[in-house]
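To start, the structure itself, in structure tokens.
The values are calculated or read from the model by the stated rules, or taken from the named source; none is laboratory data. As the structure is a prediction and not an experimental result, all values here were calculated from the model. Glycine also receives a Cβ, built like all others from the backbone with ideal geometry; neighbour counts cover every protein chain displayed.
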Amino acid sequence: MIKRIRSDQLRPGMYIQDLNCGWMEHPFAFNAFRVDDDKKIQQIIATGIRELYIDSSRGLDVENAQTHDEFHAELNQKIHALAENHEVKPHVVPLSEEVKVAQHVHHDAHKVVHHLMSDIRMGRQIEMADTSPVVESITDSILRNKDAFLSLARIKRKDEYTFQHSVSVCALLVAFTRSLDYERAVILEAGTGGLLHDIGKMKVPDSILNKPAPLTDEEFVVMRSHAEIGRELLEHTPGVPETAIIITGQHHERFDGTGYPGRLKEKQISPLGQMASIVDVYDALTSNRIYHKGMEPTAALKKLFEWSKFHFNAELVERFICLIGIYPVGTLVKLESEMLAVVISPGQGSLLRPLVRVVFDIQRGQPLMTPYDIDLEAKTDSIVQYESPLQWGIDQYKYL
């Protein structure tokens, strides 16, 4: 049986089913393994892992621990309660119209980031004049219809992850700050910070940055140095706003003080640093990497909600979930009617009842010749669960 326990309840002889953290947040070769000694337990605790999952059928048990199913049923109730009464602001421009513009903006942003990071790798200085138009264009697209750009930002190539991740974090921070009513000047500075937050990775050797296997302890230390290196690079770059420097230096800090590089805690981390840590983890969790298959967005949002008990500002996580939506645009979902549908717009009265485009008949095992839309606000159908597009062979983005 899979159970959820505190890391200080670990004992030699237990079998860890899931370390319950991002795969780049721990130095262990695997996410599941048997605990052989107290040294391994101390390593786990020192990493900042506060709660994890054990398999009692493969090792020692913790008798009164909550089961995985019990915890996730409770978690779903809390998230659904959060989403049920959240009203969504209408978009200025329809998705179908903005997505065409967003495609061009996304393409141009990726080229600029690739150029900026290549310059850093070659020892050249960042030209800040190149970043401003990109952040402006991303911001304007998101102000017209955030879901157009954010849905495109989920599409990444494994070998281009670092560059595309930077564009995604920029867009997510722009959308996040906008939803919290920050002034445009701050939104643009936050977007710049998102675009540059991983710039220090260009000083990490390719053999570590793109290693198709777990990192050694020594390599893990080198990889973690990128936040401090990036902050120092930007401090010596003319024209970089202080906000962007803070975001770059703090995006791996954690609310309970277990992050890096400064082990800052709670209010020691700036509000924008706290927000950057949330969007950085969300995008990392939902992205395919060389050594990691991305989660579906709904699963990643649940993880953020679970981890907000220790690692993130819980109020900001709730605001972020409401921004993205329980079933973000582009999510493939299974309906009670045994149909598969793609979410094309968030629900206006509830995040649990979005507008969907029905594309596949499960009982017949075939795609629909003519997809059709259902507004789940009308309660004629409802979502049972999210699904993996890869498993069904469906390219959900062609239906947006």
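Among the numbered conditions (1) small (Gly, Ala, Ser); (2) part of a loop (DSSP other than H, G, I, E, B); (3) more than 21 Å from residue 174 (Cα to Cα), the only one that residue 341 does not meet is (2). Is it fair to say residue 351 is of a type outside the set (Asp, Glu), modelled with pLDDT under 95, on the phi < 0 side of the Ramachandran plot and assigned to a loop (DSSP other than H, G, I, E, B)? It is true that residue 351 is of a type outside the set (Asp, Glu), modelled with pLDDT under 95, on the phi < 0 side of the Ramachandran plot and assigned to a loop (DSSP other than H, G, I, E, B). From the list 155, 138, the lone residue that is surrounded by fewer than 22 Cβ atoms within 10 Å (Cβ to Cβ) and in the same structural domain as residue 240 (by TED's automatic domain parsing) is 155.
Condition check ((1) closer than 25 Å to residue 230 by Cα; (2) surrounded by fewer than 21 Cβ atoms within 10 Å (Cβ to Cβ)) across all residues:
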| site | (1), (2) |
| --- | --- |
| 254 | yes, no |
| 257 | yes, yes |
| 260 | yes, yes |
| 278 | yes, no |
| 295 | no, yes |
| 300 | no, no |
| 312 | yes, no |
| 334 | no, yes |
| 337 | no, yes |
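Among the residues that make up segment 342-350, is at least one of them more than 20 Å from residue 301 (Cα to Cα) and in contact with a helix residue (DSSP H, G or I) (Cβ under 9 Å, 6 or more places away or on another chain)? Scanning segment 342-350 turns up no residue that is more than 20 Å from residue 301 (Cα to Cα) and in contact with a helix residue (DSSP H, G or I) (Cβ under 9 Å, 6 or more places away or on another chain).
Quick grid of which residues meet (1) of a type in the set (A, V, I, L, M); (2) in contact with a strand residue (DSSP E or B) (Cβ under 9 Å, 6 or more places away or on another chain); (3) outside the structural domain of residue 146 (by TED's automatic domain parsing); (4) closer than 27 Å to residue 99 by Cβ:
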{"position": "312", "(1), (2), (3), (4)": "no, no, no, no"}
{"position": "316", "(1), (2), (3), (4)": "yes, no, no, no"}
{"position": "339", "(1), (2), (3), (4)": "yes, yes, yes, yes"}
{"position": "342", "(1), (2), (3), (4)": "yes, yes, yes, yes"}
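Condition test on residue 364, is it outside any helix (DSSP H, G or I), at pLDDT below 95 and either more than 27 Å from the chain's Cα centre (by Cα) or more than 27 Å from residue 83 (Cα to Cα) (or both)? Answer is yes for this residue.
Looking at the structure I just gave you, is residue 173 among the hydrophobic types (A, V, I, L, M, F, W, C), modelled with pLDDT of 95 or more and assigned by TED's automatic domain parsing to the domain that holds residue 277? Answer is yes for this residue. So, in segment 352-390, of the ones that are touching an Asp or Glu at 6+ places or on another chain (Cβ under 7 Å) and among the charged types (D, E, K, R), which residue ends up surrounded by the most Cβ atoms within 10 Å (Cβ to Cβ)? The qualifying residue surrounded by the most Cβ atoms within 10 Å (Cβ to Cβ) is 353. Taking the stated definitions as given, is residue 272 part of a helix (DSSP H, G or I), touching a residue at least 60 places away in the same chain (Cβ under 8 Å) and over 18 Å from the mean Cα position of the chain (by Cα)? Here the answer is no, as residue 272 does not meet what is asked. For residue 197, the stated conditions hold: it is in contact with a Cys (Cβ under 9 Å, 6 or more places away or on another chain) and within 25 Å of residue 266 (Cα to Cα).
The residue of segment 292-327 that is farthest from residue 354 (Cα to Cα), among those that are of a type in the set (Ser, Thr, Tyr) and touching a helix residue (DSSP H, G or I) at 6+ places or on another chain (Cβ under 7 Å), is 308. Among the residues of segment 244-286, those that are more than 17 Å from residue 182 (Cα to Cα) and hydroxyl-bearing (Ser, Thr, Tyr) comprise 248, 258, 260, 277, 282, 286.
Screening 18, 69 for residues that are of a type in the set (Asp, Glu) and surrounded by 13 or more Cβ atoms within 10 Å (Cβ to Cβ) leaves exactly one candidate, 18.
Rundown of residues vs (1) exposed (fewer than 15 other Cβ atoms within 10 Å of the Cβ); (2) at pLDDT below 90; (3) closer than 17 Å to residue 92 by Cβ; (4) among the hydroxyl-bearing types (Ser, Thr, Tyr), yes/no style:
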| site | (1), (2), (3), (4) |
| --- | --- |
| 119 | no, yes, no, no |
| 133 | yes, no, no, no |
| 184 | yes, no, yes, no |
| 190 | no, no, no, no |
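Answer yes or no: is there a residue in segment 6-17 that is modelled with pLDDT of 90 or more, assigned by TED's automatic domain parsing to the domain that holds residue 306 and more than 30 Å from residue 352 (Cβ to Cβ). No, there is no match, as no residue in segment 6-17 is modelled with pLDDT of 90 or more, assigned by TED's automatic domain parsing to the domain that holds residue 306 and more than 30 Å from residue 352 (Cβ to Cβ).
Among residues that are modelled with pLDDT under 95, of a type in the set (A, V, I, L, M, F, W, C) and either under 23 Å from residue 400 (Cα atoms) or touching a Lys or Arg at 6+ places or on another chain (Cβ under 9 Å) (or both), residue 335 is not included.
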